[in-house]
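Structure, as structure tokens:
The values are calculated or read from the model by the stated rules, or taken from the named source; none is laboratory data. Since this is a predicted model, take the numbers as computed values, not measurements. Counting neighbours? That spans all protein chains shown, and the Cβs are built from the backbone with ideal geometry, glycine included.
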Amino acid sequence: MILACNNISKSFIDKTLIEKGSFHIEEREKAAIVGINGAGKTTLLKIIMGLLSPDTGEVILAKGKTIGYLAQHQDLTGGNTIYTEMLTVKQDVIRMENQIRQLELDMKDASGDTLKELLDQYTRLNHQFELMNGYAYKSEINGVLKGLGFQENEFDMPVETLSGGQKTRLSLSKLLLSHPDIILLDEPTNHLDVSSITWLESFLMNYSGSVIIVSHDRYFLDKIVTKIIEIDNKSIRTYTGNYSAYSEKKKAVMDALIKQYENQQREIKHQEAVITKLRSFNREKSIKRAESREKMLNKIEVLDKPTTDISSMNIRLEPNILSGNDVLTIEGLSKSFDHHILFQDANIEIKRGERVAVIGNNGTGKTTLLKIINGIEPADCGTVTLGSKVHVGYYDQEHHVLHMEKTLFEEISDAYPNLNNTQIRNVLAAFLFTGDDVFKRISELSGGERGRVSLAKLMLSDSNFLILDEPTNHLDMMSKEILEQALNRYTGTILYVSHDRYFINKTATRILELTNQTFVNYIGNYDYYLEKKDILSSPQTVIKETNDTSSQKEDWKRQKEEQAQIRKQQNELKKTEDSITQLEEQISAIDEQLADPEIASNLERLLELDKEKQDLQKQLDMLYERWEELAQ
């Protein structure tokens, strides 16, 4: 065990976050802390780091172990460049390197005992330098910086000129380079693109120390962690496994708690009914028995009603108007900014009922595509055509259509007067607005909270074609799962941009990857995209969206044919290997006969066997060539 938190409690003036929570972390263990927004995840990290004091309890760190922390926001200052800032982490190694260079100079002029002493120092320092990976520290710096998205031409940028996101990435680079025994990361993927996240996943999975992560990126957690530490309703519970395993176990625990609560409530009501009936008899014995039951009932520790789980929310989205089968047709679409081409000659078709995710690196033009479809941004050339009876609902984080003077409740009730109070509260609760929160004014909300209100309004609209730009930003995990369920039950059509790989995996029926100024089509979810990316993105098999009305079926057919061809080649390869083995055995048997003295004296049989061997050898040579082709 490298870290333990024992009976940790923490309260602020108006709220208790954690009450007598305990957990421990083993060496090399990778764990995640999860919980709804405001549950106390960041607070717990700060308590572990000693930046906040717990009200009760203690944090125990194993003797001699080091710990490093990446907060959500960084404010790096000083006159360093990106590269020289990274060098500050390696000062011990650099000092040792300078000592080694100085010893080399000193040994040139030394002799006798002095030289022997210098040689001993030199050998000792060199060994220590190697153990600290001193000879590779510069390439290590380059590798971490490039892995986290910095280009080599950016290494000389002054730290003061960096954006908040760049500073966070630089702080993460420094932390990873310092190799503490325990790494604490608070939302490490917030400012990373997909390629950098993939690099970080690989780094952390192979990291020799322990890692504790707070993150809303469920796909990231699935890849890395083997333990989930949940903060829920002031309690801390631990679950073994990754996020998906936790999600299943959590549902089972929730089902059990609900059942336990309902059984107790049923028993309480039954006892109350019996007591009332006994009292109604109005006899001494029956009254005494009623009083006895009352005493027993009062001793029961009444269970709190479990927090409603997402499965019971059951939000369904049904557009009132059915669109035509052809929802969106894009032909020859191109867009550039200042001679920078985002995409050109793009042809996309979307059919009714599809849930299409647009993915790609930052700055490739994904959001621009959505804006062009909605008429917010003009295209350079090409056409965008909406199908028959298509009604668009657009969620854009930069253009929330909200009334600042209204309360949340008024915002929903005025837009949808047919909803009753319970329905409005249920919808707002699904997006984490409960109790008196519903009477807050829109103007009092944070940007993320306003985004959630806009999303709630959109989900209730009559739109049959939802266009969403990063819909999961600012949502906690439970809200994301509610949104996933709602979108999967939605009978309309959805086009969205997202970096949330878990969300894409759960909701997408098709993926459009914007890469190299074109859209590559993958019919499936994110796991399927990863599986097929290497094959389909090769120059021979890049699939562009076409304006052919049967393009989706053709893509599906092509992929099926490709899979069938691969299976056919694999079968042929196996048969070829079996035939090679069989021929080699036959040739070996002939060689044994040729070595037999009786056959050696029989010229006719000898010639017959030799011819048979030559024929088999020719067949074997042909099979070897075919095997090489198939293996290639």
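Here is a list: 625, 585, 608, 604. Which entry is within 51 Å of the chain's Cα centre (by Cα) and either acidic (Asp, Glu) or at pLDDT 75 or above (or both)? If you could, list the steps in order and put the result at the bottom.
Values: 585 fails: within 51 Å of the chain's Cα centre (by Cα); 608 fails: within 51 Å of the chain's Cα centre (by Cα); 604 fails: within 51 Å of the chain's Cα centre (by Cα).
So the residue among 625, 585, 608, 604 that is within 51 Å of the chain's Cα centre (by Cα) and either acidic (Asp, Glu) or at pLDDT 75 or above (or both) is 625.
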(message) Of all residues being farther than 18 Å from residue 141 by Cβ and either without any contact (Cβ under 8 Å) to a residue 40 or more places away in the chain or of a type in the set (Lys, Arg) (or both) in region 152-183, which is surrounded by the most Cβ atoms within 10 Å (Cβ to Cβ)? Just the residue, please.
(response) 165
(request) Look at residue 136 and say whether it is more than 19 Å from residue 191 (Cβ to Cβ) and outside any helix (DSSP H, G or I). (result) no
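Each row is one residue, and each column tells you yes or no for (1) exposed (fewer than 15 other Cβ atoms within 10 Å of the Cβ); (2) among the hydrophobic types (A, V, I, L, M, F, W, C); (3) within 29 Å of residue 333 (Cα to Cα).
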{"site": "380", "(1), (2), (3)": "yes, no, yes"}
{"site": "385", "(1), (2), (3)": "yes, no, yes"}
{"site": "395", "(1), (2), (3)": "no, no, yes"}
{"site": "407", "(1), (2), (3)": "no, no, no"}
{"site": "420", "(1), (2), (3)": "yes, no, no"}
{"site": "429", "(1), (2), (3)": "no, yes, no"}
{"site": "437", "(1), (2), (3)": "no, no, no"}
(request) Hey, can you tell me all the residues within region 229-287 that are surrounded by 12 or more Cβ atoms within 10 Å (Cβ to Cβ), of a type in the set (Lys, Arg) and either in the same structural domain as residue 484 (by TED's automatic domain parsing) or assigned to a helix (DSSP H, G or I) (or both)? (result) 249, 250, 251, 279
(message) Looking only at region 135-184, how many residues end up being under 18 Å from residue 197 (Cβ atoms) and in contact with a Ser or Thr (Cβ under 9 Å, 6 or more places away or on another chain)?
(response) 8
(request) Would you confirm whether any residue within region 507-520 is more than 26 Å from residue 224 (Cα to Cα), without any contact (Cβ under 8 Å) to a residue 60 or more places away in the chain and either in a loop (DSSP other than H, G, I, E, B) or not assigned by TED's automatic domain parsing to the domain that holds residue 473 (or both)? (result) yes
(message) Of everything in region 149-179, what is out of contact with any Phe, Trp or Tyr (no Cβ under 7 Å at 6 or more places or on another chain), over 30 Å from residue 103 (Cα atoms) and among the hydrophobic types (A, V, I, L, M, F, W, C)? Give them in sequence order.
(response) 150, 157, 159, 162, 170, 172, 175
(request) Starting from residues that are more than 19 Å from the chain's Cα centre (by Cα), part of a loop (DSSP other than H, G, I, E, B) and in contact (Cβ under 8 Å) with a residue 40 or more places away in the chain, keep the ones in region 440-480 and report whichever is surrounded by the fewest Cβ atoms within 10 Å (Cβ to Cβ). (result) 462
(message) Within region 57-74, does at least one residue satisfy the condition of being more than 30 Å from residue 206 (Cβ to Cβ) and in contact with an Asp or Glu (Cβ under 9 Å, 6 or more places away or on another chain)?
(response) no
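Kindly state which strands (runs of 3 or more DSSP E) lie completely within region 319-391 and contain at least 1 residues that are of a type in the set (Lys, Arg).
326-337, 340-351, 355-359
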(request) Could you please find all residues in region 41-60 being touching a residue at least 40 places away in the same chain (Cβ under 8 Å) and more than 21 Å from the chain's Cα centre (by Cα)? (result) 44, 47, 48, 49, 52, 54, 55, 56, 57, 58, 59, 60
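Per-residue answers, yes or no, for (1) on the phi > 0 side of the Ramachandran plot; (2) in contact with a helix residue (DSSP H, G or I) (Cβ under 6 Å, 6 or more places away or on another chain); (3) crowded, with 16+ Cβ neighbours inside 10 Å:
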site	(1), (2), (3)
189	no, yes, yes
217	no, no, yes
225	no, no, yes
291	no, no, no
297	no, yes, no
(request) Could you please give the count of residues in region 227-241 that are modelled with pLDDT of 95 or more and farther than 23 Å from residue 19 by Cβ? (result) 0
(request) Only residues that are surrounded by fewer than 16 Cβ atoms within 10 Å (Cβ to Cβ) and farther than 21 Å from residue 487 by Cβ: list them for region 409-418, please. (result) 414, 417, 418
(message) If a residue counts only when it is under 27 Å from residue 235 (Cα atoms), which helices (runs of 4 or more DSSP H) contained entirely in region 35-125 have at least 3 such residues?
(response) 41-49
(message) Condition (residue is among the acidic types (Asp, Glu), part of a loop (DSSP other than H, G, I, E, B) and modelled with pLDDT of 85 or more) applied to region 416-439: is it met by at least one residue?
(response) no
(request) Consider only pairs whose beta carbons are under 6 Å apart and that are at least six residues apart or on different chains; among these, list those whose first residue lies in region 260-288 and is within 27 Å of residue 305 (Cβ to Cβ) and whose second residue is acidic (Asp, Glu). (result) 275/294
